[in-house]
Structures are given as structure tokens and as C-alpha cells.
Amino acid sequence: MTSVRRAVFPVGGLGTGILPATKAAPKELLAVVDKPLIHYAVEEVVRAGIRQLIIITSRGKRAIEDHFDKAYELESALALHNRYELLSELRRLFPADMTFQFVRQSQPLGIGHAIGCARVFLGDEPFLVVVPDELIDSPQPASAQVIDAFERFERPVVGVLPAGQTAPSGELSGVTFSPGLYRINPPPGIAHQRATPLALAGRCVLTPEVFDFLDTTPPRPHGEVELADALIAFAASNPLIGRELEGERFDCGTKLGYLGAILHYGLRHPAVGEAFAGMVRAAAAERPAARPPVALHGARVRHDGARVPHDAARAVND
């Protein structure tokens, strides 16, 4: 099985879950502390060993291309004023062996359609898909987790979390065959135990066979081709592995998930974390019992695999 060399980022959506912030600005460039969402995603992919990136954009998202382009005037100004730490951070985006390709999705027809737009660049090789809205903080990058599972089983792998932890209902279902591993939507003759509802978690390694299913998957009533629908059809005739992702996940396509990410990364930021924690404590003290804690994102997964609830109150105390 060919190793995974390319990553696809579907970022052509409208970002309606976080309007009006995304009316004129790409959702993927919304900052979490001091870096845009897609910046975190690219750093994760680089940590996982991927150097060829394909970014599926759309009208009005040219700023994403600019973010990953060299800014000669800015770099010159930083060098002139001896701000070499910031200059180094900017240049770290551009390892010598990294390449970017940008493809424009003509209409916002869903993640499934966006992935199909990358087909011409992928040939017959497996590829990684990363949804930047799904911000996952883990010692082992979430992308590396699905790549490792793909190389182990030589089958397409989707990153999943149990439904209810991440979404109102499961998009897929799976039968456990090893801790944290599932056979997705197995045929009735294979399933010997009750299937677990699962939700996609924004990371997967797919093979070119999936394009035939993406091409024939009908759009949902809102007009978008959903990746989950194509994967359900794919799994009916092909083995598909679910890998439960470790780490802390934030659905930044929602307002609460985005706020949760800012809280999480703000408290851990090496430069401002301590001061920010003081601000959070002061704000909490002003309203000690205003309302019950609200879950900011689906779940927190300890590194030993155990699930514990994660809410606003816990985030302040961490």
C-alpha cells in the first residue's frame, strides 16, 4: 500500500454556523488566540509528515492563499526592526519541501463535493482529508492517528468519536473489534454485536475508490453532498475502519465550540496563558452562580482513553 503523501483541506463552505463573523471573512482564518484555524490544521499535517497540501477554496476565500504565501514586505519590516522571533515563526510555514495547490470549488456543495474537486491531483494514491473546523489538540497529531491506522490495516480509515459526545446523532455506526477501533457499517452477516453510533471527527485517510461513491451520492435537501453519505455507501461493499481519535476536540464551526477553543488554547499559551487565566477567574468570580456550566465542545479524552466531561467550569480549573 502506497504511503500517504498528500492532504486535502476542504474549506469552500459558507461558515453559516458562526455568522455574522464569516459574512466577509473565511471561517478558516478566524483566529484562535494568535493563529487562524487553518494554520493549526497545516501545522498538524506537517507534524504528521505530510508535505503536499491541496486546499479546496471558493469565491471570497483568496485570503487563505495569501496567508500561505510569502509576505516579502512584512518579512523585510520585521528584519529591519530586529524582530527575528516573529520572522522565524512566519518562515516556519514554508519548509523547503512543502508545496501548496489551490483549487476553487465553483459552488458550496458540501465537503463530499469539495473532496471530489481534488481528484485530478491525487492519481491512484491514498490521501488524508483534514477539516480545519475540527480543531483537535493531542500529543500525537490527529492526522497521524488515522495515518497510523491506515498503514496498519491497509484499509481506508475515518476518525470518529461516539455520537452524543460530539453531535446530536451518529452519522455512521460501527462494531468494535479492538479498543478504539471499529468496523464501519458492517454488512448484517458480519456484525455479531450491536453497532455503536459514531460521528465523523474531521480526519480520514481515503483511497481513490471513494471518488466513485462521491460522484453518485445525491445531495441532501440543503443541496450539499455529505461525506458521511458517500462513506455509508462505500462501507456497504468495502472494508472501512473507524479510529476513535484521542485528544481534545473543538467544533469551531459552532459559536460554543469556537469559544471553547479560544479558552483552551488561551489558557495554555506560553506568552499570555497566565494573564488570560487571571482574566477568566476574575470574570467567573463576578458571576459565581449565573447558570449551570455549558459544554463548550463534545468531549475531553484523556491520554489513557477514558472519557471525562469537559465544560466551561472545568476549563477554568484545568
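The values are calculated or read from the model by the stated rules, or taken from the named source; none is laboratory data. In this text, all values refer to a predicted model and were calculated from it rather than measured experimentally. With ideal geometry, Cβ positions are generated from the backbone for all residues, glycine too; neighbour counts draw on all protein chains shown.
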- Filtered residues of the range 198-213 (kept if assigned to a strand (DSSP E or B) and more than 14 Å from I241 (Cα to Cα)): G202
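Would it be correct to say that S76 is out of contact with any Asp or Glu (no Cβ under 9 Å at 6 or more places or on another chain) and surrounded by fewer than 18 Cβ atoms within 10 Å (Cβ to Cβ)? Please lay out each step first, then the result.
Working: out of contact with any Asp or Glu (no Cβ under 9 Å at 6 or more places or on another chain): yes; surrounded by fewer than 18 Cβ atoms within 10 Å (Cβ to Cβ): yes.
Answer is yes for this residue.
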- Message: It is to be established whether one or more residues within the range 122-142 are surrounded by fewer than 23 Cβ atoms within 10 Å (Cβ to Cβ), in a helix (DSSP H, G or I) and free of Cβ contacts under 8 Å to residues at least 12 places away in the same chain.
- Response: no
- Query: If you check R91 against the conditions, is it at pLDDT 85 or above and basic (K, R)?
  - Reply: no
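If you check G189, G247, which single one turns out to be assigned by TED's automatic domain parsing to the domain that holds S106 and at pLDDT below 90?
Sole residue among the options that is assigned by TED's automatic domain parsing to the domain that holds S106 and at pLDDT below 90: G189.
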- Quick one: which of E44, E28 is closer than 24 Å to A149 by Cα, acidic (D, E), surrounded by 14 or more Cβ atoms within 10 Å (Cβ to Cβ) and within 18 Å of the chain's Cα centre (by Cα)? E44
- Message: Suppose we filter K23, K70, K61 for residues that are buried (at least 16 other Cβ atoms within 10 Å of the Cβ) and of a type in the set (D, E, K, R); which single one remains?
- Response: K61
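For the range 87-113, give me each residue that is in contact with a Leu (Cβ under 9 Å, 6 or more places away or on another chain) and either among the small types (G, A, S) or closer than 15 Å to H67 by Cα (or both). Before the answer, list the steps.
If we filter the range 87-113 for residues that are in contact with a Leu (Cβ under 9 Å, 6 or more places away or on another chain), which is where we start, we get 87, 90, 98-101, 108, 110-113.
Across the range 87-113, the qualifying residues are L87, L90, M98, T99, F100, Q101, G110, G112.
If I filter the range 153-177 down to residues being in a strand (DSSP E or B) and at pLDDT 90 or above, which single residue comes out as farthest from the chain's Cα centre (by Cα)? Can you show your working first?
Filtering the range 153-177 for residues in a strand (DSSP E or B) gives 157-162, 172-177.
This time we only want the ones that are at pLDDT 90 or above, so: 157-160.
On the way: V157: 15, V158: 12, G159: 10, V160: 11 Å.
Only one residue tops the list, namely V157.
Would you call Y40 hydroxyl-bearing (S, T, Y), touching a Pro at 6+ places or on another chain (Cβ under 8 Å) and in the same structural domain as E246 (by TED's automatic domain parsing)?
Working: hydroxyl-bearing (S, T, Y): yes; touching a Pro at 6+ places or on another chain (Cβ under 8 Å): yes; in the same structural domain as E246 (by TED's automatic domain parsing): yes.
Spelling it out, Y40 is indeed hydroxyl-bearing (S, T, Y), touching a Pro at 6+ places or on another chain (Cβ under 8 Å) and in the same structural domain as E246 (by TED's automatic domain parsing).
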- Name the one entry in A236, A261, A199, A230 that is surrounded by fewer than 17 Cβ atoms within 10 Å (Cβ to Cβ), closer than 27 Å to R6 by Cα and either under 22 Å from the mean Cα position of the chain (by Cα) or of a type in the set (A, V, I, L, M, F, W, C) (or both). A236
- Task: Mind counting the residues in the range 234-250 that are at positive phi and in contact with a Gly (Cβ under 8 Å, 6 or more places away or on another chain)?
- Result: 0
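Results for (1) in contact with a Gly (Cβ under 6 Å, 6 or more places away or on another chain); (2) polar (S, T, N, Q); (3) under 14 Å from G247 (Cβ atoms), shown as yes or no for each residue.
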position	(1), (2), (3)
C117	no, no, no
G123	no, no, no
F127	no, no, no
E134	yes, no, yes
I147	no, no, no
E151	no, no, no
E154	no, no, no
G159	no, no, yes
P162	no, no, no
